[in-house]
Ligand SMILES: Nc1ncnc2c1ncn2[C@@H]1O[C@H](COP(=O)(O)OP(=O)(O)OP(=O)(O)O)[C@@H](O)[C@H]1O
Ligand SMILES: [Mg+2]
C-alpha cells in the first residue's frame with residue numbers, strides 16, 4: 001500500500017485465503033474498502049462473513065495473500081496488533097456487555113484499559129458517546145435494565161469509545177424488531193458520516209442494510225461472488241446471488257449442513 005493509497009483505502013485484501021484448521025473457508029479474496037464508505041458483507045450462514053472480519057482484526061492470520069488495514073499490513077506481533085485494534089471498533093452480535101457494570105462503566109472500559117486519561121475526562125467522553133447513540137440518560141442502567149435495542153446502542157457507544165476510524169459490525173440487527181433495526185441502521189449511517197468513519201457491516205438483513213450502503217459484497221461457496229453498488233446488486237441476474245437474495249434453499253449455493261450442525 002502506497003502512502004497515497006493509505007489515505008483513500010481503509011481496508012485492502014489481495015488474493016487472500018483464510019483457513020480454519022484444515023478447512024479453507026475463503027480463497028482468492030480481493031477487496032478494497034474506500035475510506036468513508038459503508039460496505040455490506042452479505043452471504044448465507046457459514047459462508048465465512050465472520051471469518052472475513054476476523055482477518056481484519058488480526059484474530060485470524062491469512063493462509064495466503066495480504067490483509068492491509070488503515071494503511072498497514074495486519075501485524076503478527078501481539079503488541080502491534082493491540083495498537084492496530086485500537087483503530088477498529090467492533091460490534092459483535094452478542095453485544096458483549098459486562099452484566100455487573102452499568103452502561104456508562106461498560107463504555108468507559110476501553111478508555112480505562114487503553115488510556116491513562118483522568119477520571120473526569122473519561123466521564124466526559126462517556127457522556128458524549130452516550131449522547132451520540134441517543135442514550136443520554138441511560139448511563140446508570142445495568143445491561144439487564146436495557147431493552148435489546150438500547151443494549152445494542154450501548155455496545156455501539158463502547159465500540160466507538162476510542163474514536164476508531166474503522167467500524168466493523170457483525171450482524172448488528174439480530175434480535176431487533178423493525179423499528180429498533182431502523183434506529184440502529186440510521187445511527188450507523190449517521191455516525192459514519194459525522195465522525196468520518198469507514199464501516200463494514202456483516203448482515204443477513206439485506207433489505208434494511210442496503211439503503212445505507214455505498215458498496216456490497218456477497219460471499220458464497222468460499223469466494224466473493226458479487227461486488228458492486230446496491231443498485232447493481234438489485235439488478236443482478238447472477239443465479240448464485242439471486243438464490244441468496246431470494247432465500248431459496250435450492251440452487252447453486254451449496255449448504256454445508258454437516259459442518260453447520262457440528263458448529264451448532
Ligand atoms: N473458530 C473456528 N474454528 C473452526 N472453524 C470455524 C471457526 N469459526 C468459523 N469456522 C468455520 O468457518 C466457516 C465459516 O464460518 P463463519 O462464522 O465465518 O460464517 P458466517 O458467514 O459468519 O456465518 P453466520 O452467518 O452463520 O454467522 C464455517 O464452516 C465454520 O464452521
Ligand atoms: Mg457470522
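The values are calculated or read from the model by the stated rules, or taken from the named source; none is laboratory data. Quantities reported herein were computed from a predicted structural model and do not represent experimental measurements. Cβ atoms come from the backbone with ideal geometry, glycine included; neighbour counts cover every protein chain shown.
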* To do: For segment 151-172, state whether one or more residues are within 16 Å of ligand 2 (Cβ to nearest atom), part of a loop (DSSP other than H, G, I, E, B) and farther than 19 Å from residue 99 by Cβ.
  => yes
* Would you check which residues across segment 204-225 are surrounded by fewer than 22 Cβ atoms within 10 Å (Cβ to Cβ) and in a loop (DSSP other than H, G, I, E, B) and list them? => 204, 205, 214, 221, 222
* Taking only pairs six or more apart or across chains, which ones have beta-carbon atoms under 8 Å, a first residue in segment 241-264 that is outside the structural domain of residue 222 (by TED's automatic domain parsing) and on the phi < 0 side of the Ramachandran plot, and a second residue that is within 15 Å of ligand 1 (Cβ to nearest atom) and modelled with pLDDT under 80? -> none
* Asked: Could you say whether any residue in segment 176-189 is within 16 Å of ligand 2 (Cβ to nearest atom) and either outside the structural domain of residue 132 (by TED's automatic domain parsing) or not in a loop (DSSP other than H, G, I, E, B) (or both)?
  -> no
* Flag if residue 148 is more than 16 Å from ligand 1 (Cβ to nearest atom) and either at positive phi or surrounded by 21 or more Cβ atoms within 10 Å (Cβ to Cβ) (or both) -> no
* Tell me which residues, restricted to segment 191-249, are away from ligand 1 (no atom under 16 Å from the Cβ) and closer than 22 Å to residue 178 by Cα. => 191, 192, 199, 207, 210, 211, 212, 213, 214, 230, 234, 246
* Hey, residue 258 under 30 Å from residue 146 (Cα atoms), away from ligand 2 (no atom under 16 Å from the Cβ) and either modelled with pLDDT of 90 or more or not in a loop (DSSP other than H, G, I, E, B) (or both) or not -> no
* Asked: Hey, any hits in segment 46-63 for a residue that's over 27 Å from residue 185 (Cα atoms) and within 16 Å of ligand 2 (Cβ to nearest atom)?
  -> yes
* Given segment 31-149, what helices (runs of 4 or more DSSP H) lie entirely inside it while holding 2 or more residues that are out of contact with any strand residue (DSSP E or B) (no Cβ under 7 Å at 6 or more places or on another chain)? -> 78-85, 103-114, 119-132
